[in-house]
Amino acid sequence: DKAKHEQRLTSGTKLLQRANFSGDAGTIRFLSATPLTPPGAFFQIVEAGFDRQISNKMVTDGLEVYRELLDKSGKPVTSTHLGEVIAVRLRVRSLRPESVTNVAVVDLLPGGFEVVGSSLSPGISSIKGVDYVEVREDRTVFFATVPAETLEITYQIKSCNRGNFVVPPVFAESMYDRNVKARGLGGKISVTK
């Protein structure tokens, strides 16, 4: 049982120490062989990597988020040509009667794609309901107040490599209440000549 699984990490005399622990650990306790004196100790857990399987379940805990990849005529696409621009349409809404403030909507790009610079400006946003936009190499992040009605965000991406790519699920989470979150479905897209 994951909740009952506990792992103990014991600190020795090293200034920096690294330890691996099981992904099944429900609790982690840090112990020191010697008493800690001021300034004390700093412990950090770093998680890295990626999901090996595309999730086939949506998460709707107070929010709902959905993404579509659309061609020029507004139809969903699962394949495109190298360099062709496609539209990304994100829809997010609160499942509560009131708006949810301080929500981060994280849209990971498929590998081999990049944001079309002219379609999205980083910084203070001109998109209604979105306060701030971050454009990164592998994702876009929108900081928004999410209403009970649907908040729609549209921007463009284009392929810069040929191949078959995973489209990671879009994710939305209240930055100050981690129990309020949503995850859409992932997918696949192929890029040909």
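In terms of solvent-accessible area of protein heavy atoms at a 1.4 angstrom probe, what is the ranking of E47, E114, E134, highest value first?
E47, E114, E134
Looking at region 101-193, which chymotrypsin sites (Phe, Trp or Tyr not before Pro) are DSSP coil and have at most 14 other C-beta atoms within 10 Å of their C-beta?
Y176
Relative to the present Cα-Cα distance, how much length would full extension add between D177 and H81 at 0.36 nm per residue of separation?
Length gained between D177 and H81: 30.5 nm.
Solvent-accessible area per residue for the chain at a 1.4 Å probe radius, Å²?
67
What net charge do the residues around R89 carry, taking every other residue with its C-beta under 9 Å from that of R89, with Lys and Arg at +1 and Asp and Glu at -1? Don't skip to the answer; put the middle values down first.
Details: positive: R67, R91; negative: E68, E152.
Local charge sum for R89: 0.
Could you work out how much longer the chain between R139 and F30 gets when fully extended? Use 0.36 nm per residue separation minus the Cα distance between them, nm to one decimal.
This chain segment gains 35.8 nm when fully extended.
Treat region 133-178 as a sphere of radius equal to its Kirkwood radius over Cα pairs and apply Stokes-Einstein at 20 °C in a medium of 1.002 mPa s; give the translational diffusion coefficient in µm²/s, rounded to a whole number.
It diffuses with D of about 159 µm²/s by this estimate.
When a/c reaches 1.5 or more, the comparison of a/b and b/c decides; with that in mind, is region 82-173 rounded, prolate or oblate per its Cα gyration tensor?
Because a/c hits 1.5 or more and a/b exceeds b/c, region 82-173 counts as prolate.
Can you pull the percent of the chain's accessible area that's carbon plus sulfur, 1.4 Å probe, other chains left in place?
Details: 6330 of 12880 Å².
So the carbon and sulfur contribution to the accessible surface is 49 percent.
For F142, what charge total do you get from the other residues with a beta carbon under 14 Å from its beta carbon, if Lys and Arg give +1 and Asp and Glu give -1?
+2
Quote the convex hull volume per residue of the chain, based on C-alpha atoms, as a whole number of Å³. Present the calculation step by step, with values, prior to reporting the outcome.
Working: hull volume 34.4 nm³, N = 193.
Dividing the Cα hull volume of the chain by its residues yields 178 Å³.
Which residue fluctuates the most in the chain, going by a Gaussian network model with Cα springs under 10 Å, if the choices are N20, N161, N102?
So, out of N20, N161, N102, the one fluctuating most is N20.
The values are calculated or read from the model by the stated rules, or taken from the named source; none is laboratory data. A quick note: this is a predicted structure, and the numbers were derived from the prediction, not measured. Cβ coordinates were reconstructed from backbone atoms using ideal geometry, including for glycine residues, and neighbour counts include every protein chain displayed. Surface areas here come from the heavy atoms of the whole protein model, side chains and all, with no ligands, DNA or RNA. Shrake-Rupley method; radii C 1.70, N 1.55, O 1.52, S 1.80 Å.
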